1. If the viscosity is 0.692 mPa s and the temperature 37 °C, what Stokes-Einstein diffusion coefficient in µm²/s follows for segment 183-226 when Rh is the Kirkwood radius over Cα pairs?
2. Return the long-range amide H neighbours of Glu35 (sequence gap of 5 or more, or a different chain), with a cut-off of under 5 Å between placed amide H atoms.
3. Assigning unit charges at the beta carbon (Lys, Arg +1; Asp, Glu -1) and nothing else, what dipole magnitude in debye, to the nearest 20, does segment 84-236 show about its Cα centre?
4. Can you return the aspartates and glutamates within cross-link range of Lys130? Criterion is Cα-Cα under 13 Å, with same-chain partners fewer than 8 residues away left out.
5. Just going by the charge dipole of the chain, with Lys and Arg at +1 and Asp and Glu at -1 on Cβ, which of Ala85, Tyr200, Asn136 is farthest out on the positive end?
6. Using each residue's phi in segment 26-35, evaluate 6.51 cos²θ - 1.76 cosθ + 1.60 at θ = phi - 60° and report the 3J(HN,Hα) Karplus result to the nearest Hz, with x for Gly and Pro.
7. For the chain, what mean projected area does the convex hull of the alpha carbons give, in nm²?
8. Would you grab the residues whose amide H sits under 5 Å from the one on Asn142? Only those 5+ places off in sequence or on another chain, please, with H modelled 1.01 Å from N.
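Laboratory data are not the source of any read-out in this text; all were calculated from the coordinates shown. This one's a predicted model, so the numbers in the text were calculated from it and none came from an experiment. Methodologically, a virtual Cβ is constructed for each residue, glycine included, from the backbone with ideal geometry; neighbour enumeration extends over all protein chains shown.
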Amino acid sequence: MLRKLGIKRLAYDWRYKDLDHMDLEVAALRGEGLEMSALWALSQSDAAATDAHLAIIFDFVARNELGIPLWVTLMAPPDYDIWGASKRLAHTVEAMAEMADRAADVGCSVALYNHGGWFGEPASQAAIVKEAARANLGIVYNFRHGHAHIADFADHAAAMLPYLHAVNLNGMRVGGPKTLPFGSGDHEFDMLLTLLRGGYAGPLGLINHQETVDAEQALRLNLNGLARLKRWLKDA
């Protein structure tokens with residue numbers, strides 16, 4: 001399906017149920033000339049839970065010689081969002097710096113993945129990356145979790161652009177629905193153009209987050225949106 005669509009790389013959003021076949025999936029991708037280009041990972045305030053999760057991640061990456069970016073979501077403690085700003089920042093900087101150091105040992109980079117809350121705010125992520133001061137630490141921005149950023153996206157873009165590693169696209173419409181094909185909303189073209197005009201030149205990701213829609217159909221709709229944007233830019 002991916003070859004037919006002209007897609008050569010994918011990011012893997014795995015879960016524990018996938019452990020038995022993750023190596024087989026890497027082998028299958030390589031056999032088809034495709035690349036696993038990023039991997040979802042998790043950081044928790046519970047050190048034991050984080051260590052168990054990261055042990056799986058780093059072992060998988062090392063034995064398959066992947067050396068790919070890890071897209072990290074923070075599973076924060078229940079009272080995280082009401083902590084004082086300095087405590088919250090210090091706690092998160094320490095966790096992300098440690099993850100970046102461990103990732104560097106297996107040839108990986110780390111990108112903070114916005115998924116709501118304080119950790120998902122571009123200004124927060126920019127502050128974390130700046131304070132952690134790790135060369136292999138940056139940001140991946142997911143439009144689907146950025147609906148609250150539409151009105152003042154230029155400000156959010158300015159904060160994260162110096163650290164932005166990747167962008168995942170989605171249709172953006174005030175009031176939702178949350179998941180739309182790229183090009184089916186009202187604001188995603190302007191948001192992407194803001195990033196491009198700000199100097200972003202990294203990878204763009206397409207997401208099929210609709211369980212009731214066939215994956216190939218959903219990806220085609222997103223690709224059609226990208227094609228429309230390219231035609232618009234060419235004619236502009």
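1. 280 µm²/s
2. It is Arg9, Leu10, by chain and number.
3. The calculated dipole for segment 84-236 is roughly 280 debye.
4. Lys130 reaches Glu94.
5. Of the listed residues, the answer is Tyr200.
6. Computed from phi, the couplings for segment 26-35 are 4, 4, 5, 4, 4, x, 9, x, 10, 10 Hz.
7. Reported value for the Cα convex hull: 13.5 nm².
8. Those lying under 5 Å, H to H, from Asn142 are Asn114, Asn168.
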